[in-house]
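Visitor: If you scroll down you'll find the structure; I have some questions about it.
The values are calculated or read from the model by the stated rules, or taken from the named source; none is laboratory data. These figures come from a predicted structure and were not determined experimentally. Heads up, the Cβs are rebuilt from the backbone with ideal geometry, glycines too, and the neighbour counts pull from every protein chain shown.
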Amino acid sequence: MKIAIITGNSYPNGDAGAVRQHAMAKLLLEMGHDVIVLGYGKPTNGKVEQFDGVKYISFRGKSTNTYVRALNRILFGNRVLWYLNNELSDVSCLLIVDLLPAAFKLLKKYAIKNNIALIHDSVEWYSPEEFSDGENNRAYKNKEYTNNVAIDSTWSVIAISKYLEKHFQTRCKNVVRIPVIMDIRSIAPRLNGKDSDKILFLYAGGPGKKDLLSEMVSGFSGLDDETLKKVELHIVGVDQKQLINQCGVDEGEINRLKSCLFSHGRVSREEAIEWVKKSDYTILLRDETLRYAKAGFPTKVVESLACGTPVVCNLSSDLGDYIKDSVNGFVISGHRPVQISEDISRVISEGKPSVEMRQAARHTAEQYFDYRKYRPQMETILSE
């Protein structure tokens, strides 16, 4: 089949979504299909380029003007449609990640007219609590339209979580579940410990409103002075000012942790991976009771496991199927600061992760999150 993967993500490697789309493209190529990614990464000036053997083109414009950039985003679907009509007239399947409502309508109409298969890769479902304007937020409304209106019986669906799988089974005939996937073999793990007296905890990512950095910092702040002398908490992705102004972290708690809390701001994905490798544990906390945490699946957990770095987390999404306490990580019993303090104390009392724990983390990644494991599911979704 000739398959076009259509994504608003910054392909080929600008964000977590792009990593997933690349893994799917690699899988489809190994299955013998002809694949191209139509994305929104760095401009390619109308030319098809290649990344790791995958053809792609970006429809992002070069302008830095806010109005022009917004217009480019709005016109993304129209540009994709033009390209399909003029350059990919023989495409037989559209694998669409996420689009604005108007673009969904355009491409659905085009696919039906030309007898082209439609597949949606569903990776998230927002909660109103993520936005200051709640249910009035435009992104929230767009996602509601996608999950409750746009994706109907015309589509087959790849769901990233059990929550989304269950939802779309009531709307579509052909639904499979594929969690976060990536090329695990391309990530070299670190399975031996490093010479350091301190236990290094790491949060790496752009938290938005998803990841509970305020509660995480509060949990560490609740540790006694002697325990704090044993640890370092590194935050990669936001600086101290952003921690306070965007993430709601208490400045007094930051001051209490000044000897062991280090915020490094935004770095490249490659640098973030190096941080993961040299840390003893990564940490992730989400409000497991909210829809966004049930529907999504945290890429940063899979990246950590792939690096051989155990994960300390509460059980949002389907993480309970993969993170086993004291085996490949540690489970925090909730997301309240007092619970975090208690469980972090337990982790610290265990000390640095053993080689066996690091190996177990890596094995989990190889067993469950390498894209090659999901060929049967991809064959199923393409069979309709």
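Visitor: What's the total number of residues in the range 30-55 that are among the β-branched types (V, I, T) and closer than 22 Å to F104 by Cα?
Guide: Of the residues in the range 30-55, 3 are among the β-branched types (V, I, T) and closer than 22 Å to F104 by Cα.
Visitor: Within the range 207-217, is there a residue that is assigned by TED's automatic domain parsing to the domain that holds G296, part of a helix (DSSP H, G or I) and β-branched (V, I, T)?
Guide: Yes; the residues of the range 207-217 include at least one that is assigned by TED's automatic domain parsing to the domain that holds G296, part of a helix (DSSP H, G or I) and β-branched (V, I, T).
Visitor: Identify, please: which residue in the range 10-29 is among the polar types (S, T, N, Q) and surrounded by fewer than 23 Cβ atoms within 10 Å (Cβ to Cβ) and is, among those, farthest from K108 (Cα to Cα)?
Guide: Looking at the filtered set, the residue picked out is N13.
Visitor: If you don't mind, there's one more thing I want to ask. Restricted to the range 49-67, and to residues that are surrounded by fewer than 15 Cβ atoms within 10 Å (Cβ to Cβ) and outside any strand (DSSP E or B), which residue is nearest to the chain's Cα centre (by Cα)?
Guide: Residue satisfying both the conditions and the ranking: D52.
Visitor: Can you give me the number of residues within the range 196-238 that are in contact with a strand residue (DSSP E or B) (Cβ under 8 Å, 6 or more places away or on another chain), among the small types (G, A, S) and touching a residue at least 40 places away in the same chain (Cβ under 8 Å)?
Guide: So the count comes out to 2.
Visitor: Pick from the range 308-322 the residues that are crowded, with 24+ Cβ neighbours inside 10 Å and more than 15 Å from the chain's Cα centre (by Cα): which of them is farthest from S127 (Cα to Cα)?
Guide: It comes out as G308.
Visitor: Sticking with this one: Tally the residues that are aromatic (F, W, Y) and more than 23 Å from R291 (Cα to Cα), restricting the search to the range 156-213.
Guide: Matching residues across the range 156-213 total 1.
Visitor: Identify all residues within the range 95-133 that are among the acidic types (D, E) and part of a helix (DSSP H, G or I); write none if there are none.
Guide: E129, E130
Visitor: Of everything in the range 230-273, what is assigned to a helix (DSSP H, G or I) and either within 18 Å of the chain's Cα centre (by Cα) or among the aromatic types (F, W, Y) (or both)? Give them in sequence order.
Guide: R269, E270, E271, A272, I273
Visitor: Which condition breaks for A18 when tested against (1) modelled with pLDDT of 95 or more; (2) part of a helix (DSSP H, G or I); (3) within 22 Å of A103 (Cα to Cα)?
Guide: (1)
Visitor: Could you tell me whether V176 is touching a helix residue (DSSP H, G or I) at 6+ places or on another chain (Cβ under 6 Å), modelled with pLDDT of 95 or more, surrounded by 20 or more Cβ atoms within 10 Å (Cβ to Cβ) and not basic (K, R)?
Guide: For V176, the condition - touching a helix residue (DSSP H, G or I) at 6+ places or on another chain (Cβ under 6 Å), modelled with pLDDT of 95 or more, surrounded by 20 or more Cβ atoms within 10 Å (Cβ to Cβ) and not basic (K, R) - is not met.
Visitor: Also, I was wondering about something else. Looking for whichever is touching a residue at least 24 places away in the same chain (Cβ under 8 Å) and out of contact with any helix residue (DSSP H, G or I) (no Cβ under 6 Å at 6 or more places or on another chain) here; the options are Y83, Y126, Y67. Which one fits?
Guide: Exactly one of Y83, Y126, Y67 is touching a residue at least 24 places away in the same chain (Cβ under 8 Å) and out of contact with any helix residue (DSSP H, G or I) (no Cβ under 6 Å at 6 or more places or on another chain), namely Y83.
Visitor: Now for a different question. Specify the residue that is farthest from V311 (Cα to Cα); the eligible residues are those in the range 332-360 that are surrounded by fewer than 17 Cβ atoms within 10 Å (Cβ to Cβ) and hydrophobic (A, V, I, L, M, F, W, C).
Guide: V338
Visitor: Only one of N78, N86 is touching a Leu at 6+ places or on another chain (Cβ under 9 Å) and surrounded by fewer than 15 Cβ atoms within 10 Å (Cβ to Cβ). Can you tell me which?
Guide: N78
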